[in-house]
Amino acid sequence: MAKQKENAVVHSQEQLADGIYSMWINTEAAKDAKPGQFISMYTTDGSKLLPRPISICEIDKENGRLRVVYRVTGPKTGTEEFSKLNTGDIIPVIGPLGNGFPYEKAEGKKVFLMGGGIGVPPILELAKQMDCEKKQIVVGYRDAQTFLKEEFEQSGELYISTEDGSVGTKGNVMDAIRENALEADMIYACGPTPMLRAIKQYAEENGIECYISLEERMACGIGACLACVCKSKEKDAHSNVNNKRICKDGPVFLSTEVEI
């Protein structure tokens, strides 16, 4: 069943770091949302017809709210407009979209929850909902602006890497795993493609079941336009080629299913 566009209401908004904003919105999408899914948010700028896909950071079903944490990508962009919204403002959205992380599979296992850059926010709700033997949250930032750090500390064992070495391990999330001699039975990850490529390789070399959430520029967000495809081992029933639609078939995939 197709999702319907609705008018969500901004509940609150704050700036977490340079160019990084956090917004809570009241939306019907909160009822069915799962960790790893996203919503498409529309601007009021008539010249921008396509929505912006934003991952879900936290879910508050009781109060019918979702939290999104996003990066402003530049002036005169949809994300810049979002950053200027105030409490009570209306924002059209569609969601929840895509599939989520299969976090139920982690029960009784040692797990890595890995995020990098703007792929950090969706790891928070995953960490909150996951019930496993050992929850190891490994997140990577550019510098000391480690947004969501306090929330992560309440949800599991936190390990941080920074590109400049200002906090935690100097380097990336894989460097943090090596430096702290961490081990896991399962991996859940979200972040830029180079990071996911390294995690996928590590998982395959060590025989670890791994789920990755792919980042991609999306257009329609519902699988119709085929703008956000990735290569897959199996043929897609929709297009009959070796592609998967990230917005519809993903954004979460078993790492062995896709080529990145």
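The values are calculated or read from the model by the stated rules, or taken from the named source; none is laboratory data. Just so it is clear, the model here is predicted, and its values are computed rather than measured. Neighbour counts are summed over all protein chains in view; Cβ atoms, including those assigned to glycine, are modelled from backbone coordinates with ideal geometry. These area figures cover heavy atoms from the full protein model, side chains too; ligands, DNA and RNA do not enter into them. Shrake-Rupley method; radii C 1.70, N 1.55, O 1.52, S 1.80 Å.
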Q | Among residues of the stretch 16-33, those that are assigned to a loop (DSSP other than H, G, I, E, B) and crowded, with 21+ Cβ neighbours inside 10 Å, counted | A | 2
Q: Examine the stretch 90-104 for a residue that is in contact with a strand residue (DSSP E or B) (Cβ under 9 Å, 6 or more places away or on another chain), surrounded by fewer than 16 Cβ atoms within 10 Å (Cβ to Cβ) and either more than 22 Å from Met186 (Cβ to Cβ) or among the charged types (D, E, K, R) (or both), and state whether such a residue exists.
A: yes
Q. Given (1) in contact with a strand residue (DSSP E or B) (Cβ under 8 Å, 6 or more places away or on another chain); (2) at pLDDT below 90, where does Lys76 come up short, assuming only one miss?
A. (1)
Q) Pick from the stretch 34-77 the residues that are farther than 16 Å from Lys5 by Cβ and polar (S, T, N, Q): which of them is surrounded by the fewest Cβ atoms within 10 Å (Cβ to Cβ)? A) Ser47
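To keep it simple, each residue is scored yes or no on (1) over 18 Å from the mean Cα position of the chain (by Cα); (2) at pLDDT below 95; (3) under 20 Å from Gly19 (Cβ atoms).
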{"residue": "Ile118", "(1), (2), (3)": "no, yes, yes"}
{"residue": "Ile123", "(1), (2), (3)": "no, no, yes"}
{"residue": "Glu157", "(1), (2), (3)": "yes, no, no"}
{"residue": "Gly165", "(1), (2), (3)": "yes, no, no"}
{"residue": "Thr169", "(1), (2), (3)": "yes, no, no"}
Q. So how many residues does the stretch 131-154 have that are farther than 18 Å from Tyr70 by Cβ, touching a helix residue (DSSP H, G or I) at 6+ places or on another chain (Cβ under 8 Å) and open to solvent by 10 Å² or more (accessible area, probe 1.4 Å)?
A. 3
Q) Considering the stretch 163-207 alone, what residues qualify as being open to solvent by less than 30 Å² (accessible area, probe 1.4 Å) and in contact with an Asp or Glu (Cβ under 6 Å, 6 or more places away or on another chain)? A) Thr169, Met186
Q: Say whether the condition of being in a loop (DSSP other than H, G, I, E, B), at pLDDT 95 or above and either more than 16 Å from the chain's Cα centre (by Cα) or not aliphatic (A, V, I, L, M) (or both) is met by at least one residue in the stretch 209-218.
A: no
